[in-house]
Amino acid sequence: MTSDLKIQWEACSVRGLDKDRLLECYNLVRKIRPLYIASGEGWVKKQKLAEMESTPGLEYIIGVNSSDKVACFVSFVLDDTDDHDEPTTFIYELHVSPDMRGNKLGTALMTKVKALARHSITLRVFTCNKRAIKFYRMQGFTVDSTISTPAVLFMSHV
Ligand SMILES: CC(C)(COP(=O)(O)OP(=O)(O)OC[C@H]1O[C@@H](n2cnc3c(N)ncnc32)[C@H](O)[C@@H]1OP(=O)(O)O)[C@@H](O)C(=O)NCCC(=O)NCCS
């Protein structure tokens, strides 16, 4: 259970994000690199790092374990209007360290984003990422079939 994991929560904007923390977060994203490859999107380290450190308005909530290592994190833009008709909280990344999965950390991160979101929440997930899709469905997200493609689903929570 989360309470036994002694997670400390940190929240900051991308401008205030420590470089080491950024790299730890990047390394968690990198763990699903095979899914990027399988989806056809491919993996370019420079591009992913640039997105993670330079997206305007990006916010991070990071769960840190008792060894001061990143156990999980979510990054998102509140009231994003790029590519959306209505403002939406767009989740860029949501990751839990493989050894910590199944302990409700993903649920804890999503609960924090839901508490901050002023409108809908939107995210994209690879169709091959069955576990994440199951997780998002349990969180009340549904697929927006108008913009989804065979490889990438857009899911939203209203
Ligand atoms: C998807 C992810 C964030 C879920 O986080 P988590 O902390 O493991 O999830 P939780 O413990 O909060 O579990 C919530 C639900 O997720 C699903 N889930 C959790 N562990 C699972 C597992 N081992 N197998 C299948 N489903 C699982 C279950 O539906 C679970 O509900 P339940 O506990 O009532 O059965 C996590 O698996 C992860 O980091 N995956 C890799 C990164 C990723 O793909 N991110 C999404 C990018 S779009």
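Tabulated results
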read-out	value
Rounded to the nearest 10 Å², the accessible area of Met138 at probe 1.4 Å	150 Å²
Prolate/oblate/rounded label for the chain (Cα gyration tensor, a/c 1.5)	rounded
Protein-only accessible surface order, largest first, of Ile62, Ile7 at 1.4 Å	Ile7, Ile62
For segment 72-158: rounded, prolate or oblate by the Cα gyration tensor [a/c cutoff 1.5]	oblate
Candidates Asp83, Asp144, Asp20, ranked by Gaussian network fluctuation over the chain, Cα under 10 Å, top entry	Asp83
Gain on full stretching of the segment that runs from Lys130 to Lys45 - 0.36 nm per residue minus C-alpha separation	28.2 nm
Hypothetical label at Ala38: residues of segment 122-158 whose amide nitrogen lies under 11 Å (7 Å Cα-Cβ projection)	126-132
Anisotropy class of segment 1-92 from Cα gyration tensor, a/c 1.5 cut	oblate
Entries in Lys46/Lys104; Lys6/Lys112; Lys104/Lys130; Lys19/Lys112; Lys69/Lys104 that, when Cα-Cα distance is taken, lie over 21 Å	Lys46/Lys104; Lys19/Lys112
Segment 39-81: trypsin sites (Lys or Arg not before Pro) falling in loop per DSSP and having at most 16 other Cβ within 10 Å	Lys69
Student exercise, the chain dipole from Lys, Arg, Asp, Glu Cβ charges, in Debye to nearest 20	700 debye
Inter-part distance where segment 3-36 and segment 82-135 are each reduced to a Cα centre, Å	14 Å
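The values are calculated or read from the model by the stated rules, or taken from the named source; none is laboratory data. All of these numbers come straight from a predicted model, not from anything done at the bench. Ideal geometry is used to build each Cβ from the backbone, glycine not excepted, and the neighbour counts take in all protein chains shown. For the accessible areas, the whole protein counts, side chains as well, though only heavy atoms, and no ligand, DNA or RNA atoms are used. Shrake-Rupley method; radii C 1.70, N 1.55, O 1.52, S 1.80 Å.
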